[in-house]
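Below: one structure, written as structure tokens.
What follows is calculated from the coordinates using simple rules that are stated; it is not laboratory data. In this text the structure is predicted, and so the values were computed from the model without any measurement. Note that we place each Cβ from the backbone using ideal geometry, even for glycine, and neighbour counts take in every protein chain shown.
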Amino acid sequence: ATVGENVLRTDSTTRHTEALSSAAYLARAARLASTRRTALSTAIAVLGAYSALSLALPSYQGKIIDHIIDGNRRAFALAAQTYLLLMVLQGALRAVSAACFSIVSRSVLYEIRTQLFRAMLRQDIAFFDGTTSGHLSSRLTNDANAMMAPIDASLSSLLYNSVMLVGGIAMCFYTSYALSMLAFVVVGPITTLWQAYSVWSKRLTRRVLAAWAEANAIATEALAHVRTVKAFAAEASETARYVEACAEGLRLGVKDALGYGATTALAGYLDLGTGVLILWYGGLLVLGGGDSLTVGQLIQFQLYWNLMNSAYQALQGLVTSFTRAAAAAEKVFGLVDALPDIDTRLSSSSSSSSLSPVVDWPVRGDLQLDSVEFWYAMRPDKLVLDSLDLAIPANTTCALVGRSGGGKSTIVSMLLRFYDPKSGVVRLDGVDVRTLDVRRYRRRFGVVMQDTPLMARSIKTNIAYGLESEPTLGEVEAAAKKAYAYDFVSAMRDGFDTRVGERGGRLSGGQRQRIAISRVFLRQPKIVLLDEATSALDEESQAAVQKSLDALIARGGSTVVLVAHRLTTVVAADKIAVVDSGRIIEQGTHHSLVSKHDGIYAALVKRQLAKAAQHLDDD
Ligand code: ADP
């Protein structure tokens with residue numbers, strides 16, 4: 001059985017149904033932390049020494065006071081000096097351990113972030129159909145931070161306070177058994193109260209995080225499409241959407257805060273009550289005379305009680321903060337563990353020898369879709385490819401034409417293995433592509449999409465994008481020349497080092513396309529997939545892009561599959577396939593298709609010619 005089948009399916013990020021319990025989360029974070037062995041063991045050792053010292057200090061304070069009451073100057077001076085020395089030492093130990101813990105937690109955050117990012121990029125395209133970049137980046141930042149926040153401050157706090165709690169209780173009983181028995185009666189109700197809160201808080205925290213992620217997604221989307229927002233004067237409605245989502249986050253946050261305040265207040269009253277009780281009963285014991293309790297011992301008891309009590313409260317706070325972190329960790333680890341279907345099929349079934357995981361033969365570029373059936377996970381009711389058959393022999397050009405929504409781009413996605421067919425097979429040189437290593441498979445392709453969002457890096461980097469070894473500037477320039485991109489790039493002030501804005505915003509659509517075509521020239525792939533851009537470009541840049549595309553198609557030695565919109569490209573193709581409702585309804589050369597009576601393609605050509613003629617009349 002493949003692992004991928006049991007874990008997260010493609011369409012949801014939080015399909016990890018079994019909530020990670022706080023304990024499991026702690027164990028997992030600890031496993032990550034243990035990779036920084038030296039820092040962690042130093043931190044723990046130093047913390048141990050610090051805790052032991054902290055436990056010793058109150059008994060010195062008690063002794064000092066009893067020496068004062070007894071009037072024993074020498075013993076008093078000695079105890080006071082020792083006390084001072086121990087305090088200085090304690091401070092130094094604390095600083096060292098805090099620094100070490102901080103180093104460990106930062107390393108863990110680094111580990112989490114990098115693992116998470118790797119896990120994200122590993123997911124199938126179908127996964128990204130079901131989420132937004134805003135949600136994902138919020139996972140990298142908000143969730144990762146929320147998850148790490150308690151580790152940063154609280155891992156050391158957890159250890160320290162556990163020692164203080166146990167040690168403090170022991171010292172309380174050691175100092176006065178009677179007082180201890182009385183005081184601890186109060187602890188019960190506080191515990192119950194806090195437990196109730198932490199259950200409630202966990203549920204609320206998950207909703208708060210979800211609300212902020214939603215707000216983040218709205219903002220990211222609006223910012224990423226700021227041109228669209230402005231062009232449609234939609235600033236107000238986008239702002240309203242964002243404000244609404246933030247308001248929800250705030251509303252839940254306020255609820256969380258109020259709940260926290262109320263429980264804290266109640267716990268505080270109980271706490272003060274115990275303090276009064278100790279003073280009253282302890283006072284009676286001291287006044288009762290005998291050796292049952294000295295003043296110093298009463299103070300010492302108070303100090304141990306406070307130590308124990310604040311350790312206890314800190315631990316309760318930790319329960320809450322670990323609970324909060326667990327909610328975030330659930331999402332983070334859920335995604336880290338999510339195995340994509342397409343990308344892991346190999347690693348999870350590597351034992352099966354029937355697979356040949358490597359594209360290790362000289363690829364000819366023979367493509368074939370055999371009875372391919374497909375629908376998108378987001379719209380399972382719509383059959384997008386309906387038992388589609390298509391053969392594209394090596395080194396030929398195949399043009400896909402037909403109505404929009406017919407399935408042309410989906411065919412291109414299937415060839416790139418962005419999705420796998422629900423049934424049927426896609427073959428490269430006769431080999432089922434599902435048996436091949438997907439990354440090595442994709443490297444055989446050169447792709448030009450209709451809209452080419454470039455990375456916010458230099459033009460040279462963009463052209464060389466994805467290449468395993470860095471090309472020389474000469475190679476990049478040669479590729480750009482072939483794609484008719486050289487002239488406009490070198491006319492820029494920084495030439496090929498010019499940084500393009502986010503998503504290539506500083507370049508025109510036609511320029512971006514020519515950069516994309518330069519990429520293909522540089523890579524020299526065996527198979528070229530093109531989505532011809534059309535109406536989005538003005539006539540001049542359209543002409544430039546066409547020249548560039550024609551050069552790419554004429555390059556020879558590769559199989560070209562193109563989603564075509566322009567008659568001249570189509571006419572030149574070796575094979576034209578008319579795609580409609582997920583099927584190939586006609587295929588053949590231009591001549592064989594136009595000569596067909598009642599042919600769909602023939603009608604299409606007629607319409608286009610009529611349109612062109614109309615244009616001429618208009619002019
Ligand atoms: P064409 O390229 O011929 O215009 P497409 O392959 O883009 O056609 O689309 C085929 C059908 O699949 C359309 O109905 C479209 O709405 C749907 N579709 C395309 N991409 C997705 C997607 N990512 N999620 C859901 N449905 C999609």
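Where Lys and Arg each count +1 and Asp and Glu each count -1, what net charge lies around Leu140 among other residues with Cβ under 15 Å from its Cβ?
Net charge in that neighbourhood comes out at +3.
Under a Cβ-Cβ cut-off of 13 Å, what is the net charge of the residues other than Ser469 that fall near it, where Lys and Arg count +1 and Asp and Glu count -1?
Once all neighbours under 13 Å are counted, the net charge is -1.
Return the tail of the calculated pair distribution for the chain, meaning the percent of Cα-Cα pairs more than 47 Å apart.
38
Given the pairs Lys481/Lys526; Lys230/Lys611; Lys382/Lys408; Lys230/Lys382, which span a C-alpha to C-alpha distance of over 26 angstrom in this model?
Over 26 Å apart, Cα to Cα: Lys230/Lys611; Lys230/Lys382.
Hey, fewest Cβ within 10 Å first, where do Glu221, Glu468 land in order?
Taking fewest neighbouring Cβ atoms as first place, the list is Glu468, Glu221.
May I ask you to order 396-408, 232-244, 105-117, 324-336 by the average number of other C-beta atoms within 10 Å around their residues, highest value first?
The packing order, highest mean first, is 324-336, 396-408, 105-117, 232-244.
Between Trp361 and Leu279, what length comes free when the chain is fully extended (0.36 nm per residue of separation minus the Cα-Cα distance, one decimal in nm)?
Contour length minus Cα-Cα distance gives 20.9 nm.
Set the Förster radius R0 to 51 Å, insert the Cβ-Cβ distance between Gln614 and Arg439 as r into 1/(1 + (r/R0)^6), and round the FRET efficiency to 0.05.
E(calc), rounded to 0.05, equals 0.60.
If you count, for each residue, the other Cβ atoms within 10 Å and average over each peptide, how do 168-180, 512-524 line up from highest to lowest?
Sorting 168-180, 512-524 by mean packing, highest first, produces 512-524, 168-180.
For each of Val489, Val363, count neighbouring Cβ atoms within 10 Å of the residue's Cβ, then give the residues from fewest to most.
Val363, Val489
If we count other beta carbons within 10 Å of each Cβ, what is the order of Thr131, Thr568, fewest first?
Final ranking by Cβ density, sparse to dense: Thr568, Thr131.
What value, in deg cm²/dmol to 500, does the helix sum -39500 (n - 2.57) over DSSP H runs of n ≥ 4 give at 222 nm once divided by the residues of the chain?
Dividing the helical sum by the residues of the chain leaves -21500 deg cm²/dmol.
Rounded, prolate or oblate: pick one for the stretch 399-528, where a ≥ b ≥ c are the square roots of the eigenvalues of its C-alpha gyration tensor, a/c under 1.5 means rounded, and failing that, prolate if a/b is larger than b/c, else oblate.
Judged from the Cα gyration tensor, the stretch 399-528 comes out prolate (a/c at least 1.5, a/b above b/c).
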